[in-house]
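Participant: Below is a structure I'd like to ask you about.
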Amino acid sequence: MTPARSSVPAGVNLGGHRPAPPGNRRIVAALAITQTIGYGALYYAFAVLLVPIAADLHTSTTAVTGAFTASVLTSATLAVPIGRRLDRHGGRALMTGGSLLGTGLLVAWSQIDQLWQLYAVQIGIGVASAASLYEAAFAVIIAWHQPRRRSSALLALTVVAGFASTIFLPLTGWLVDQHGWRTALLILAGLHAVTVPLHAIALRHSPAADRHLERRDGSGAHAVRAALRDRGFWLLAAGFTAHTAAISAYTVLLVAALISWGHPPAFAAAIAGLLGVLSVAGRLITTGLQRRYRTTTITAGIFAVQALAALLLPALGLTTGGAIIAVVGFGIGFGVATIAKPVILAERYDTRRYATLAGVLVVPMTLAKAGAPLAAAALHATTGSYTPVLAAVAICCAIGATAVAASTWQP
């Protein structure tokens with residue numbers, strides 16, 4: 001078997017890496033559980049609670065959705081400062097505190113009776129999410145695992161957590177039907193409380209014993225400045241941001257597009273439901289291929305396949321078989337960026353400042369995630385067709401593929 005090639009181009013100065021201890025299965029198992037519960041309770045449950053909350057508060061679903069957008073934007077705003085804290089102090093206190101805050105806010109959410117209170121709770125949940133969900137968990141995985149074990153650890157974490165929507169969407173729906181949305185939130189808070197001791201116990205030791213030295217000699221700050229001066233870093237930022245915009249827009253418009261082409265709503269919803277399963281398949285494929293090829297090469301290739309699939313969907317999507325083929329082609333890359341980004345950053349840059357650099361990337365990616373559906377809706381309203389919208393999605397995927405591939409090229 002041909003050994004995997006590094007995603008680091010010749011001549012890039014990595015600056016140094018934190019010595020990582022052997023992989024710790026307990027940490028991966030604990031984080032897999034906390035991320036599944038955290039995303040289910042703090043993120044996916046909102047979609048089920050949207051309509052009953054709007055009805056109970058006597059307001060529109062648009063106004064309630066705005067609270068969710070505020071939560072997402074709050075997480076983006078805090079990405080860099082939280083990343084810095086993770087790099088300096090590790091994940092135990094931050095993730096434990098974030099989990100505790102999230103649990104308390106789920107309880108507070110169950111007691112709201114005015115719209116402004118919902119916004120306040122959701123902004124707080126944005127803080128809790130930034131401190132306790134994927135980006136923080138990835139930083140812990142990077143710190144605790146040797147390079148050869150990182151991909152498998154990230155895969156294990158994201159495969160399990162990838163089923164958060166599969167578990168919590170129907171669970172939340174059942175709870176709302178049986179007990180109402182307020183009691184449902186209290187039950188979700190009880191489930192989420194499990195993440196507090198898991199973070200506190202599983203992350204009790206920090207593998208970075210040299211942080212005091214980093215603060216004295218300024219090596220960490222130097223590593224960040226070196227990365228921010230690297231052309232490849234900003235190409236990665238452009239590539240992952242463009243791809244995030246494509247994924248966000250595609251997710252929102254897919255069901256509506258299929259229905260507009262004559263497919264039954266049940267079929268359209270079932271096809272959209274494949275995206276979660278396909279995201280897991282894409283992560284498995286990516287991790288398997290990393291044994292032979294650069295992560296950047298694999299990622300760029302999958303993004304290119306998605307561009308082609310999005311471009312062909314308006315033509316193929318008129319038939320049942322064609323729609324399935326096109327959606328599978330796009331869906332195979334749904335979860336790739338999630339595991340590719342931390343692997344590429346850890347391969348290429350100083351892992352002592354991984355979380356800070358990841359935070360820099362998260363800001364434009366989160367803004368793209370929030371803004372792309374609105375842009376897609378505006379384009380559809382202007383043109384009256386989903387074809388130009390899907391063409392724009394394809395262009396974003398193509399930009400992502402080109403930028404990620406170019407990040408390894410030397411000028």
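Participant: Take the residues of region 28-54 that are among the β-branched types (Val, Ile, Thr) and modelled with pLDDT under 90: which is surrounded by the most Cβ atoms within 10 Å (Cβ to Cβ)?
Facilitator: For region 28-54, the residue satisfying everything is VAL48.
Participant: Another question, if that's okay. Any residue in region 142-167 that is over 25 Å from TYR349 (Cβ atoms) sitting within a Cβ distance under 9 Å of a residue that is open to solvent by less than 30 Å² (accessible area, probe 1.4 Å) and hydroxyl-bearing (Ser, Thr, Tyr)? List the pairs, counting only those 6 or more apart or interchain.
Facilitator: VAL160/THR36; GLY162/THR36; GLY162/SER279; PHE163/THR36; ALA164/THR36; ILE167/THR36
Participant: Next up: What do you reckon, is SER110 over 24 Å from ALA29 (Cα atoms) and within 20 Å of the chain's Cα centre (by Cα)?
Facilitator: no
Participant: Do you know which residues across region 383-402 are open to solvent by less than 10 Å² (accessible area, probe 1.4 Å) and not aliphatic (A, V, I, L, M)?
Facilitator: CYS397, GLY400
Participant: So which residues in region 79-117 are touching a Ser or Thr at 6+ places or on another chain (Cβ under 9 Å) and closer than 19 Å to PHE46 by Cβ?
Facilitator: Residues satisfying the conditions are GLY98, SER99, LEU101, GLY102, THR103, SER110, LEU115.
Participant: Find the helices (runs of 4 or more DSSP H) located wholly in region 98-205 whose residues include 3 or more that are open to solvent by less than 40 Å² (accessible area, probe 1.4 Å) and within 23 Å of ALA67 (Cα to Cα), and list them.
Facilitator: Correct list: 115-132, 164-179, 181-192.
Participant: Quick one: how many residues across region 80-97 are within 17 Å of the chain's Cα centre (by Cα) and surrounded by fewer than 23 Cβ atoms within 10 Å (Cβ to Cβ)?
Facilitator: Number of matching residues: 1.
Participant: What pairs can you find where one residue is in region 129-141 and charged (D, E, K, R), the other is open to solvent by 10 Å² or more (accessible area, probe 1.4 Å), and their Cβ atoms are less than 7 Å apart, with a gap of 6+ or different chains?
Facilitator: So the pair list comes out as GLU135/ALA79; GLU135/VAL362.
The values are calculated or read from the model by the stated rules, or taken from the named source; none is laboratory data. Keep in mind the model is a prediction, meaning the values are calculated, not measured. Glycine gets a Cβ as well: all are built from the backbone with ideal geometry, and neighbour counts include every protein chain shown. These area figures cover heavy atoms from the full protein model, side chains too; ligands, DNA and RNA do not enter into them. Shrake-Rupley method; radii C 1.70, N 1.55, O 1.52, S 1.80 Å.
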